Amino acid sequence: MNKERKLIIAGNWKMNKTVVEALALVGALKTELANINQVDIVVCPPFTALCEVARVLRDSNIRLGAQNMSEHAGGAYTGEIAAEMLKDLAVRNVIVGHSERRQYYGESDEIVAKKAQAAHVASLAPIVCVGETLAEREAGRMEKVLETQVRGSLAGLSKPQMVETIIAYEPVWAIGTGKTATTAQAQEAHQFIRGLLIHLFDEATARGVRIQYGGSVKPSNARELMSQPDVDGALVGGASLEARSFADIIRGSMSVG
Ligand code: PEP
């Protein structure tokens, strides 16, 4: 593998899997992916399965991630989960600002930035999601939308925090739809985001940040997407729910040149 940055591939299980199902999936992944260390591998089960999955993943090459967290450190926020609580379960990454959270739960860039900052306070590495809708793309507003989201969602991060932050470019029109961005579309968006990071931070910081692509990634398209110079991994939804397809995505990425 000859990439500038180590690839990071994360599975977002969304609101799927009981504890028993989660343990079966992660058990199979441990077998399928044993000894793979060339790629950072992350699974993000629902909160209810984190504790049990953490126990199974201890001392393995698969990292534990969460799908969301509160922007608050603790207190009277019924139903919320604080970063420290995730840290306590050996969670290492946390997805913030997924388009489903932005769309269904009204999460603004300001809230996403607060969550990213709170994640760093607890030494969790956030995966900050950005991406345009189809209407925005067709109206020629992709760059404007990405600029607003990147500026707003990463506000307040220091350069060292930024290098530890992962960005997931997920065009909303490609999530769960079976429509994948072409490699050229993905590279163009990723390059644009990295350009923004140079402007907002500096060249060295921007070159260190890993930018995942997300949106209907599957074994048949993952390798080509990750071969693009600015595509540093994938955030995988549907295809991460089955051990074979997630493992195939990871194995395919190992021959990315
Ligand atoms: C996602 O949930 O982040 C995602 C990209 O989903 P899918 O792979 O199913 O499109």
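Key figures for this structure:
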read-out	value
Hey, GLU138 at pLDDT below 95 and either under 21 Å from ARG63 (Cβ atoms) or open to solvent by 50 Å² or more (accessible area, probe 1.4 Å) (or both) or not	yes
Tally of residues being open to solvent by less than 50 Å² (accessible area, probe 1.4 Å), without any contact (Cβ under 8 Å) to a residue 24 or more places away in the chain and not aliphatic (A, V, I, L, M) across segment 141-154	0
Subset tally (residues that are within 16 Å of the ligand (Cβ to nearest atom), surrounded by fewer than 23 Cβ atoms within 10 Å (Cβ to Cβ) and not in a loop (DSSP other than H, G, I, E, B)) for segment 124-135	1
Every residue from segment 222-246 that is away from the ligand (no atom under 13 Å from the Cβ) and open to solvent by 60 Å² or more (accessible area, probe 1.4 Å)	ARG223, GLU224, PRO229, ARG244
Of residues in segment 155-179 being away from the ligand (no atom under 11 Å from the Cβ) and among the hydrophobic types (A, V, I, L, M, F, W, C), the one surrounded by the most Cβ atoms within 10 Å (Cβ to Cβ)	ILE167
Residue check for VAL121: under 19 Å from GLN67 (Cα atoms) and either in contact (Cβ under 8 Å) with a residue 60 or more places away in the chain or open to solvent by less than 20 Å² (accessible area, probe 1.4 Å) (or both)	no
Hits in segment 84-113 - residues which are away from the ligand (no atom under 16 Å from the Cβ), open to solvent by 10 Å² or more (accessible area, probe 1.4 Å) and either touching a His at 6+ places or on another chain (Cβ under 8 Å) or more than 19 Å from ALA10 (Cα to Cα) (or both)	GLU84, MET85, ASP88, GLY106, SER108, ASP109, GLU110, ILE111
Members of segment 180-221 found to be more than 23 Å from ARG137 (Cα to Cα) and either open to solvent by less than 40 Å² (accessible area, probe 1.4 Å) or touching a Pro at 6+ places or on another chain (Cβ under 9 Å) (or both), listed by number	PHE201, THR205, ALA206, GLY208, VAL209
Count - residues of segment 12-46 that are open to solvent by less than 10 Å² (accessible area, probe 1.4 Å) and within 18 Å of VAL256 (Cβ to Cβ)	4
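Here is a yes/no grid of residues against (1) in a helix (DSSP H, G or I); (2) acidic (Asp, Glu); (3) modelled with pLDDT of 95 or more; (4) in contact with a Cys (Cβ under 7 Å, 6 or more places away or on another chain):
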{"residue": "VAL163", "(1), (2), (3), (4)": "yes, no, yes, no"}
{"residue": "GLY176", "(1), (2), (3), (4)": "no, no, no, no"}
{"residue": "ALA184", "(1), (2), (3), (4)": "yes, no, yes, no"}
{"residue": "GLU188", "(1), (2), (3), (4)": "yes, yes, yes, no"}
{"residue": "ILE198", "(1), (2), (3), (4)": "yes, no, yes, no"}
{"residue": "THR205", "(1), (2), (3), (4)": "yes, no, yes, no"}
{"residue": "GLU224", "(1), (2), (3), (4)": "yes, yes, yes, no"}
{"residue": "GLN228", "(1), (2), (3), (4)": "no, no, yes, no"}
{"residue": "ARG244", "(1), (2), (3), (4)": "yes, no, yes, no"}
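The values are calculated or read from the model by the stated rules, or taken from the named source; none is laboratory data. These numbers come from a predicted model, not from an experiment. Note that each Cβ is placed from the backbone with ideal geometry, even for glycine, and that neighbours are counted across all protein chains shown. Remember, those area values only see protein heavy atoms, side chains included, never the ligands or the DNA or RNA. Shrake-Rupley method; radii C 1.70, N 1.55, O 1.52, S 1.80 Å.
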